[in-house]
Structure formats: C-alpha cells, structure tokens
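Reading through the structure tokens given below for one structure.
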Amino acid sequence: MGEAKGKSGPSARRPDNSAFKQQRLPAWSPMLTANTVLPFFYFMGPFCVLLSPFDSPLSFQLDYTKAGSCDECFEMRKNVSKAALNCFCKVEFRIEKAFKVTNAPLKQLRGDVFFYYGLQNFHQNLRRYMDSRDDGQMVGRTTNLKNPSTYCEPFIKDQKGLPIAPCGAVANSVFNDSFTLSYHGGSSGPAVPVPLLRQGITWYTDKNIKYRNPKDGNMTLAQVFQGTAQPRYWQKPAYELDPRDPANNGFINDDLIVWMREAAFPNFKKLYGVLYRAKKPFIKGLPAGNYSVDVSYNFPVQHFRGRKQVVLTTVTWFGGQNHFLPIAYLITSCLTLLVAVVLTVAWCKFGKNGRNMEE
Amino acid sequence: MPLNLFEQFQRIANAYFLFLLVLQVIPQISSLSWFTTVVPLVLVLTVTAAKDATDDIVSKRVFFLCGKWMNVQVGDIIKLENNQFVTADLMLLSSSEPLNLVYIETAELDGETNLKVRQALTVTGDLGEDVEKLADFNGEVRCEPPNNRLDRFMGTLTYAGQKYPLDNEKVLLRGCTLRNTQWCFGLVLFGGPETKLMQNCGKTTFKRTSIDRLMNVLVLCIFGFLAFMCTVLAIGNCFWELNEGSNFTAFLPRQDGNEATFSAFLAFWSYVIILNTVVPISLYVSVEIIRLGNSFYIDWDGKMYHAANDTPAEARTTTLNEELGQIQYVFSDKTGTLTQNIMTFNKCSVNGKSYGESGNDQNKVDFSFNSLADPRFVFHDHSLVEAVKLENPEVHAFFRLLALCHTVMAEEKREGELFYLAQSPDEGALVTAARNFGFVFRSRTPDSVSIVEMGRQRSYELLAILDFNNVRKRMSVIVRSPEGKLSLYCKGADTIIYERLHRSCSKLMDVTTEHLNEFAGEGLRTLALAYKDLDEEYFNGWKRRHHEVSTSLDGREGKLDELYEEIEKDLLLLGATAVEDKLQDGVPQTIELLSKAHIKIWVLTGDKQETAENIGYSCNLLREEMNEVFVVSGNSPEDVRQELRSEVSPIGKCFPSHPIHFFVLIRGSELAFLRLACLCKAVICCRVTPLQKAQVVELVKKHKQAVTLAIGDGANDVSMIKAAHIGVGISGQEGMQAVLSSDYSFAQFRFLQRLLLVHGRWSYLRMCKFLRYFFYKNFTFTFVHFWYAFFCGFSAQTVYDEWFITLYNLVYTALPVLGMSLFDQDVNDAWSFQHPQLYVPGQLNLYFSKKAFFKCALHSCYSSLVLFFIPYAAVHDTVRDDGKDVADYQSFALLTQTCLLFAVTIQLGFEMSYWTAVNTFFVLGSLAMYFAVTFTMYSDGMFLTLPSAFPFIGTGRNSLNQPNIWLTILLTSILCVLPVVTYRFLFIQLCPTINDKVQVRQAKATPPPPPRRTRIRRTSSRRSGYAFSHAQGYGDLVTSGRFLRRPALPRSSGFSHAGRTTTSFSPMGRSAGYSPTGRPQNAKVSDVEVTSLQMYKTIRDPAL
C-alpha cells in the first residue's frame, strides 16, 4: 500500500489529491429535522386514506363438506375401498344480493363473477409435498416423461414399475371434485344451469410455457403417454382428463395447471370457472335468488380434518376480494396522523427553541 | 492453493459453512438447493484467498529486506562502518579510533540523545584492521544467558590462556548506531531474537479489535439463538406431525415410515440450513473489505503526508481500523516523537534585560560583521547585536561565558570554517550563539581555550573544569585571561545558581527570575549564568587541595563535591539563556485536542526527569494550572510504596524516576501506582526501559480495560508498540524498527489527531453502522422464515425463492451497505476537529454494544412481523384482478422478498448520513439489479433451459402487475419506516447526541477555519525551566589530554558520511544533532577530516 506508482521526484509518494481519496466527495446529508419529518407525516396520513380502496367486491362462501346431501358422500369417502365409486350430491343456497358486473365490457362475454373451490387445512406448502413434482416432465421433455426426476418420490413409479405421468405428490393429489351450478330464479322456478367458462383460468405463462405436452412426431397424446402410468389416485390417465376438448388434455389441462400452482397457505381457493355472460339472466352477473350446486364428490378431506368450499366473488380494480388492505391503510393513516401530532407537540415543547441543541 | 483452502477451512466461520454444505447434501435434510451455500462460500473463499495472497507478497518483501542480517550467527566477526546500525549484540574487538574507543548513539535503545563511548579490550584492540589476524582470533566468551537488561552485561573472555572481564562497556547492543567511528570489528554474542533489544521487544501478539471480540461473542450468542429457534421449530414439527401430518400421509407418505420424532430431528437440521443466514457468511468478508477500504483512506490521506521527507501515512495493519475510534490512552515516546531533537538558542536575559523575540524572516539579525558567524544561526532581536557592538560589558561577559564554559570541541579544516562537536545538543546551541554574537570558540587544548572576541584572538588558560553531574546541575570553568585575571564561569540550573549568588545580586535576581519564568512558561530550557573573579592566592590554595583530593583513593567524589561547593559561591549573576528543544510541528495543539477528546496521554521516556518535565510543559501536556505536581521518586521499593500511599488527590504528573525501583514497583504496588496515575491529568514516566514501557501499557490494558495506543519512533518503543492495542510508528527517519512492528505509521506526531479524530472516528462509526445494519437486515430476512414455519407445518419451507436467498447478501444488499461503510461520515473532518467531544461515544462503546445489538434484534423482529403478516393478510384470500391465482406460494415468495428488499433498502437510507453519487448509484442500482435479476430468473428462457432450477417462471409478470401487490409493498414499507422515524425524531428533539448537535450546526454553517497554529503562551509561573541533556564525565575527557590531535589518516574523502549516503537511511536523523536553524542536519556531505575529537557529536556542516 502507498507504493510510489511510477512517479519520481521529491514528492513521489504524495497521495493523489482526488476527492475520492481525500474523502471529500460531494454528498447530500439528509437529516431528520422538523421541516422534513412533520410535513412528511402530515402528508402520509391523508395519502394512506386515499389509498385505502373502499369498494369491496362481493363474495359468497359455501362450505359443502358435509352440507346437504354431501354428508353421505363425506362418509363414503372415509372408506378407502370405495374410492373408485362415484358419489354425487347437491347443496342449495341463496344469494341475497346480485353479483352485478359494472365495469367489464359486455363484448368480452366473460364476466367478472368467479367460481372457486376452496380447501381448508390442506398443506400444499409442505416442503416435501411442494418439491414432489417434475417441472421437466411437465414441460414436455420426453426423457423426463419416462424417467421422472427423483424429486417425485414416492410417486415416481407405480407398482408395476411404470413411470407415473405426471409424477409427484402434487399431481397425485389433484382436486377432483366437479361442480354444476344451477340458478333457480327469484323463487322456486325451473333450474337454469349457470354457464361457467372452464378454460382461461390459468396464468398465460403456465398454460403456454411452463406446461407443455410431450410430442413425438405425429403420435397422438395417448400414444406418447404409452408406457407411463396414471397417478395412483387418478381415475383416468392424463390424456383423458377433458373428454370434450382434446386440447385441454395431458399436462396442459387447466384444472391440473391450477392445482399445480401450489398455494402458499393451508387455506386457499382455486379458480374453477368464470361466469359466461352471453345469455340472460347472467348478462349483468349473477342475479340474486336461489342456487344449487351439484357436486361430484371425490376428494377426501376427512383424513386431514379439512373443509371444502365453493366461493363466488367479483373483483375490483385492485384485485379480488380483500378485506385487509383497506382497513390496514385506514389504521395506518390514523396512526400516522396521531404520531404527527405527538411529534409536533414534542417539537414545539422541546426542539423548536433549539435549547437542546446547545452544548 | 489447496493448502490455502485447508487453512481457510480452519477458520471457524468457514468450517461452519462447509458443515452447512454437508448438511445440504443429505436429501432428507436439504431444505435449500446446494447452490445457495456454494455460491457464497466460493465467493468468500476466493476473496479471502486473494487477500491472503497479497498479504503473503507483502510479508515476503519484508522478509527480503531482513535477509541481509539473516545469516549472522553467534561467533561471527562483523565489521561495522560509520553510521551503521548494530544489528546483533557484539563484543567490541577493535576500532579505528585511538584507545579502541567507539562512539555510539543509543537513542533507539533508551531515547537518550548524547553519545556514549565504548572501549574494546586492549588485547583485542591490537588486532586492528588485520582481517587475517581477526580470522585467527581464537577466544572463548562465557557470559550470562540472553536477558533484557540493557544496562548490564557480565562475562569473561578467555584468550591466549588469559581471562579478561567483560562488562557493558565492551559490548555494542543491537539498536545502537555507530557514530564518528570509521570502523570497528565485533564478535557476535547474541543474534536475532536473543539480542537484548529483541528480548525487550515483547511478544508479538495477534491483535484483535474489541469489536472483533464482541462480534465473536455475538456470533456465539447467535448460534445459541439459532439452536433455540431450530429447537422451537423442531418441537413444532413434532407436534404438527403427530396431530396433522399423520392425517396427511395419504397425500404425502412419510419417508421410509419415519416417526414424528425423527421427522422433528430432520426438521431441526433443515431449519439450521434455512436460518443460517442469521450468521451470514458474508459478514466476515464484508468486515475485512470495510477495514481494507478504510486503511486505504489512511494511506491516501494527503493531510497525513509529510512533504519534507516524502512520507505518506501507512496503515500497515488492515484489521484494526475501528479501534482507532475508541482510544482512551495514548502512550507516547518523547525523543523523536514529540520533539525533533533539535535545539535552538531562542532567548536570553542579560543583566536584567530580556532579548529575543519571535519574528519573521524579514527582520533576521545580520551577522555579516562577524566573518566567523554560522550563517545558519537565526536570531530576531537586533538590540542584542547592538548591545554587543556597543561593548556593553555585561553582554560581553555573558557571551564570553558561553564561549568558555562548555565541553565542546571545535574543528577548523579551513580558515574560518568552524565545526563544533558537542556532546549534548544544548551546549552546541549555546556555543554557536556565542559564536555568532562575536565570541567565537575556536579551539582548545587540555589547558587552554582559544576564542575570538569581537575579532581579537585571545587565549584563555583553562585551569579547571568543575564538571556537570545530575546532582550538581551546573558546571564551571576556571580560566585565566590573557591579562592574567582569574575568573570562574558557571552555568547551571537557576535554582542551584541562585543559592550561590552574592548578596549584591538580589535585585538583578528578581528581574532575571521574572525572565526565567517567562522562558519556562514558553517551555524553553533555561540555564542561569554567573561568574566571579578569583583571588590568585585563594585559588592556588584551592588548586592544591583539589589536586590532593583528586589523587586520594577513598571518598574522592564526596570530597570533590565539597571542594567545588566551596569555590562556587558568591557568584555574580550574568543572566540566563533559553534554548528551545524544538517540538515536532503542532504537538501542543495535538495534545490539547486529544485531551479535549478525553484521551489521556502518558509520556514514557528513557530520558531524564528534567528534560521530560520540560517537554511536558512545552508541549502543553503539563499546564501551569496543574499546581500539584507530584513526583514519585523514591529510591527504594518501600519509599515508592509510601509515596504512592500518602498522596491523596494528586493532579499532575508522576515520575517514577529510577529504573530499578520502578521495576520493583511494577511488581509490588502496581495497582497503587495505577490508581494514582489514573487520577492524574497527565503522567510522565521517565527513566523507563523499553520493557517497562510495555509493562505500563499492559498494566493499563489489564486493569482499566481501556483501549490503548502507543506511539514511538525508535527501537526502544517497539515493546510498547507491540503491547498496546494499536501501535503507531513515526516513519521517515533512520530507524525502521518501530515502524516495522507498528500497525500504523506516519511522519509527524501531529498526524495522530487526524488518525484518531477523523479516520478512527469514521472507521468506528462506519463499522458500527455496518454491523448494526448488517445484523438488522439478516435477522429480518431470517425471522420471516420463522413466522412462515407456523403456516407450513414446520416443514422447513422457505419463504423466498432460492435464488433470492443465494443473492440477497451477495448482490442485492451487499453494495449499498458496503457503500455506506466506505463513504459515510456524520460530520466532516473540519467539524470533527472543531468538536473533539465527538470522539467520546467511541470510547464509551456507544455505537455498537450488546445493548445496541439487542435493540437491533428487536427492531428486526418488528420488521419481520410486518414483512410476513402484512403480505399474508393482504394476499392469503385474494385473487388477481382477472380472478386468477395470486395467493400461490411463488407469488407470495416474490411479494415478501420484494417487501423485504424495499424495507431494508429504505432502512439503509435512514442509516446513511452521507449520500455520495456512489451511494445513490449503489442503492438504486441494487434495487434495479434485483428486478433485473428477478425477471431474468423468472423468464421463459431460463426455465426452458433448466426447468427444475428456475421454476418461478412468469411469477414476476403475473403478480407484479397487480395493484394489490404494490399496495402491500407500500404498506409494509410505511409500517417499517414509521417507528424508526418517530423514534429518531423524538430522540433528536428530546435528548440530542453530540453528533446530532454538530450535524445541525454543520448544516447551518460553513465549516470553521482550521485553527491557526499559534504558539500557546502561558501565564508566568513559579517553576524552573531548567533542563540539560548533558552527561557527566566529559570535563575529565577534555582535560585529560587523552585525545590530542592524532595525525589524520589518509582516507577517501566523504568517508565519514558513508552510512548517510546509502538509501536505506533518510537524511532526517534522530541523532542528537544540533542545528541552529532548526533544520535537519547532515543533509549535505562535506569533506570533513576526522580528528581525535570524534567522541563528540559532530556538528558538521549543518544543513542550509
């Protein structure tokens, strides 16, 4: 250090007189003074009020775990030996206030009323559960199709030694209840099935990039999946998930993709369908009245003391139903104003005259 | 390289991370991908290896420098030439000088500036320069084992069947410098670490700062805390597995049928991996980098560069910077550190009139009337010259005395070119003053002194020299003038002289006393001058008795003293001289500033009490208001103990005066001494050996738990430099010993104020800010995982993306905090000097302590609660504005990590009080970097290349376009900032710290002008300014005739400067040089013929 850098002469070792080396770089030295802090606080208070969004979206929740005729199915699912048997049940409910859609353009034919299924106490966020998947397989890599990653343990191969596709605990436990929502009119009129769009419920990136079906020449999906086994809890193979739409099969099935996006917390809801508003009486959303939902009750929750729900919500400009943020912002704004007053008092009493600043 | 890796893994921190890596390899435990630990570890190892490599190169260079002396072994015979350093303990064999004398300077050893004589045995001296004979020299030396006593040596030489005793007089110790001796041969008795000097050097210990030690304690605590958190989570996992997990096995079968307890065990280790960020791997590296950077600032500081000898400051150790901001005790050497070791004749008082005013170069006195004047002598008071020219008898007598009463030797190679060889620099100054005022001392023989008085050559018969010693504190000469008048001239300490004055002088005494006080007040060294005319008859009688006594065998000393006492009475006062022992520039100001910063300064010197005390006054260490000066000078251990006990409330200085007893004191009543010394405002220890210096330092270190700094320039300071927490060497001078063992070096004592008050304070502030912030950001980061554990079944799931975990410390937050720790300054250097109290918080450890750390952890706890629960509450039940998922794990991870990064960056903004462009760039750049890296990692391309390594594809695009998410980020930021701003603002209003006050003042006003360097004038005092660095015995030498001019030997010209011309010696010597101009001597080589008078310090050709 401090070596002469090729200089010579009597002051060869004189340090450079640069602002950096002499620590004289021009700088801004902010300070917490009354002139900056107090206006900041007085500004933040009203600002937070403005940010707290008032128009809360509508929401309706229905726990159907044991509701209505689903009680029987719940009992039936307790018995593992009857896992293959179908069980259908029906739950009726009433919506008091219409789910009016105001700000979505009609042309889109997609409403802003969303149908979710919810699960409680289901830990999709367990580390080993979450890791138990093979993104390589699901992006359509044929090598991974036949040789799934070891991460999928213990759902790599079935009893016969065939590789499972899709492998892993996440795919294995896919939510397999299905729903039909019916509208019974203002009173007890004839049941009108509520049209739900069952596609376009995933992130664009998931549907188009993250999940892809394996391809092998001109072979059909079923042929490509030849030599693989369906996950243990599945009743049908991956390539037959959606019999109505061949493009919605394999790894790019919307329901599968939605399930594969693991929830961060044990209580979560996942999108099942979006209200299709082409026909009356759903052009302006869901009208108030009686509804029923027919459930194909497959997913067992009694093992983990879970609950199953159906959720209907609308959204607003800042996102879906959110009770927390508006309240939090209101509280914050009150707090800020309160602190501002306290600081002002403290400043006037002690700081203003500058007596404390003397030595 | 593999060796380096092995060494690195020996460091406990690195071993810990290796252990983590091993844990991660176990699949059941691995909660993070391998790269999260490998990437930082590799980076850390690379940086450390690079640093080690540079250190190696530096130390090799030092090794090379030492190589010349590496091969010297015991029994070798070494030839030394003039001005060379002695680098082993040698037995003197022969020398170029008559009587086998050699002259050495021991300033490096004991700080004394006068020359000392060593003499070889005659039997070895006869070997002369004959290399063959020397090679055949076959003797046996038996001596004591290596020890650290510098003043004692015992041994015997057996040569040719005869035994000769060896004592200290025959030995040259390592650390001496050969002076005025053409060559000498010596036999190596001890080499390397066995030399007395090295035995005095003390142990070289690896120095660590108190922050380092605190950090180690904290890291241990953090380990404990980590274990605690992991245990809590493992227990949680156990319960969860029992209650919930067992029901979940349908979806997630247990591995190999493991039980809940085993799962808890695995969870423990998994959480060790996840939560390891509380002990971040980059902490130690960052600390090293910050210290390195702050060391470079010291090297680069133009205000610590000394242009006169082209010496910049140098941080030789890069690991101690922040300790510079915590110094409580400074131990300073005197000679060469506080003083320049140059004397100038400044003032005098003649017959009740005071002469000498400081002035500028314009009104320099013109000495051209005197052809023999020394052109380098500067005096500013014209009235004195006028008085001389007007032949004022008192003034003439005054200068005549100065020209006659001394033991200086003169050399005149060419007509009119005089060189004085003075044993002590004080005398040289006085004789030169007389020379310029027309009383030129020209030459002397054993019984005469020739002077030129106002152009007239006169020869005085030298009848007797009544020599100087420390008890008499005076010297006299008795001369007979050419007219035949007998006179006694005496100079000495004012107190001593006053006792012996004739009654008629009482009026003059009062006036002179006033002048003396004035001189003393300015820290000048004073001598009083007096004379008396002798009666021929009386003198003859006295002379006879003197002769008798001189030849008597028993009690000679006492009887001589009585005789001297008898004749030195009824003197007539002539006046007083004032010689300035030139301090280094700015020493009084520095000492004043440091004491305002509550730094206690102790001067430890090997020199005499009077000179030390005098310097104490002149450098403002001792002040006039300290009226209870307390001197510990007991001659026996009992006395000292008694003195220590008796003193109740001393203010002032202590002088444990005698080395031997001080030694006992150290052992016996060290605590009493320490208690007393710490009550004192200033402490000066004189007559201490190098090892005792270290012992004093150790004593303070041990019992006061204070941070100490030792500053010195010579080999005698090495021990204390090594013993103190920080050792500072004065560089740019001959000796390199002190510098080589020091941690910091610079050329001038006054740079100490900048080193401590600016660099030290900033380093400490920066390091503390860094540590506080670093722990804050990592704790906050980690605690969020802890909270998430309660929602994910204690399954060791991370909250953030693995890449974020990898890069958080290395990329996203590294540069902003480094920028802060390299550039931050609360107040600039000018204000730091203006308010030395700013230094006090460092001494009190206020900025970073266990308490501060605890506060920091609490703050993190709050922040992490905000950073986890606000996003949780905001997101757990919500969806995107198109109804799609945003409560999924990946979006939540992205949200939390973005919140975290914003929160810690804003927090950094509040910590930082000095935003340079670089800081701003680092802060904004790191945020930009975060988004750039995140979007890259989450991009299609990265996913398609490595699907399992980058599963977060699209998360950025799909969640960061949501107003919800940004509202959450804003809310967390506000809630994190709110309490901090409130707390700080309230604190500034209610009880502002000194930093706040100065900052406010700095913002309002332009920086104050640097304090002008004015000479600090003191009020007059009642104390003696007497000090005289003279040794006994030269009177005898002068009169003994032992050094009659010997024929000049034919030798090459310029020889006597051989040592000076080599580049290894800087021309700025610390030798007891004297220069009337105050400029360094010896800068120009002149052709000096070596004479017999070489035992004197040559004042040859003082530099222009």
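The numbers here are math on the coordinates, done by the rules we state, and not lab data. Worth saying up front: this structure is predicted, and the values here are computed from it rather than measured. Neighbour counts are summed over all protein chains in view; Cβ atoms, including those assigned to glycine, are modelled from backbone coordinates with ideal geometry.
Can you compute the FRET efficiency between residue B:53 and residue B:207 using 1/(1 + (r/R0)^6), with r the Cβ-Cβ distance and R0 = 22 Å? Round to the nearest 0.05. Using R0 = 22 Å, I get an efficiency of 0.55. I'd like to know which of B:162, B:726, B:88 lies farthest towards the positive end of the charge dipole of the protein assembly as shown, counting +1 on Cβ of Lys and Arg and -1 on Cβ of Asp and Glu. Checked the options; the winner is B:726.
Would you mind checking the pairs B:473/B:569; A:160/A:236; B:596/B:701 and listing those with alpha carbons more than 19 angstrom apart?
Exceeds cut-off: B:596/B:701.
The GNM of chain A, with springs linking C-alpha atoms under 10 angstrom apart, assigns the highest mean-square fluctuation among A:238, A:34, A:84 to A:34.
Measuring between their Cα centroids, segment B:467-520 and segment B:378-405 lie 16 Å from each other. Here the protein assembly as shown is treated with +1 on each Lys and Arg Cβ and -1 on each Asp and Glu Cβ, and its dipole about the Cα centre works out to around 3940 debye.
Which of the helices in chain A meet the span-like rule: DSSP H, Cα axial reach of 24 Å or more, Kyte-Doolittle mean at least -1.0? Flagged H segments are A:34-51, A:324-346.
Considering only A:311, A:345, A:192, the Gaussian network model of chain A with Cα springs below 10 Å gives its largest mean-square fluctuation to A:345. Name the lysines eligible as straight-distance cross-link partners of residue A:279: C-alpha to C-alpha under 17 Å, and not fewer than 8 places from it in the same chain. Reachable lysines: A:100, A:107. Per residue, the convex hull spanned by the Cα atoms of segment B:479-552 amounts to 138 cubic angstrom. Taking Cβ atoms as reference points and 9 Å as the exclusive limit, the residues near residue B:357 contribute a net charge of 0, counting Lys and Arg as +1 and Asp and Glu as -1. Would the protein assembly as shown count as rounded, prolate or oblate if I go by the C-alpha gyration tensor, calling it rounded below 1.5 in a/c and otherwise prolate when a/b exceeds b/c, oblate otherwise? Prolate is the answer for the protein assembly as shown, as a/c is 1.5 or above and a/b outweighs b/c. For the peptides B:278-284, B:604-610, B:980-986, the ranking by mean Cβ contacts within 10 Å, running from highest to lowest, is B:604-610, B:278-284, B:980-986.
Give the peptides B:850-862, B:484-496 in descending order of average Cβ contacts within 10 Å, highest first.
The densest-packed peptide leads the list: B:484-496, B:850-862.
By the rule of a C-alpha distance below 12 Å, with chain neighbours fewer than 8 residues away ignored, the aspartates and glutamates paired with residue B:769 are B:322, B:824, B:826, B:911. Per-residue shielding of B:966-973, expressed as the average number of other chain Cβ atoms within 10 Å of the residue Cβ, stands at 4. In chain A, the DSSP-assigned H stretches of four residues or longer account for a calculated mean residue ellipticity at 222 nm of -6000 deg cm²/dmol, using -39500 (n - 2.57) per stretch and the full residue count as denominator. Pairs from the list B:702/B:997; B:207/B:777; B:196/B:608; A:66/A:207; A:21/B:51; B:196/B:722 with a Cα-Cα gap above 25 Å: B:702/B:997; B:207/B:777; A:66/A:207. Other residues whose C-beta falls under 14 angstrom from the C-beta of residue B:561 contribute a net charge of +2, scoring Lys and Arg +1 and Asp and Glu -1. Answer rounded, prolate or oblate for segment B:674-822, using the Cα gyration tensor with square roots of eigenvalues a ≥ b ≥ c: rounded when a/c is under 1.5, else prolate when a/b is larger than b/c, else oblate. Note, shape of segment B:674-822 comes out prolate. Spatial offset of segment B:745-816 relative to segment B:429-458 amounts to 72 Å, using the alpha carbon center of each. For the peptide B:167-179, the mean number of other protein chain Cβ atoms found within 10 angstrom of a residue's Cβ is 0. By definition, a body whose alpha carbon gyration tensor gives a ≥ b ≥ c is oblate when a/c is 1.5 or more and a/b is not larger than b/c, and chain A fits this oblate description. Using only Cα atoms, locate the centre of segment A:340-357 and the centre of segment B:149-177, then give the distance between them in Å, rounded to an integer. Measuring centre to centre over Cα atoms gives 77 Å. Remark: mean inter-chain Cβ contacts per residue of B:912-918 equal 5, using a 10 Å Cβ-Cβ cutoff to other protein chain atoms.
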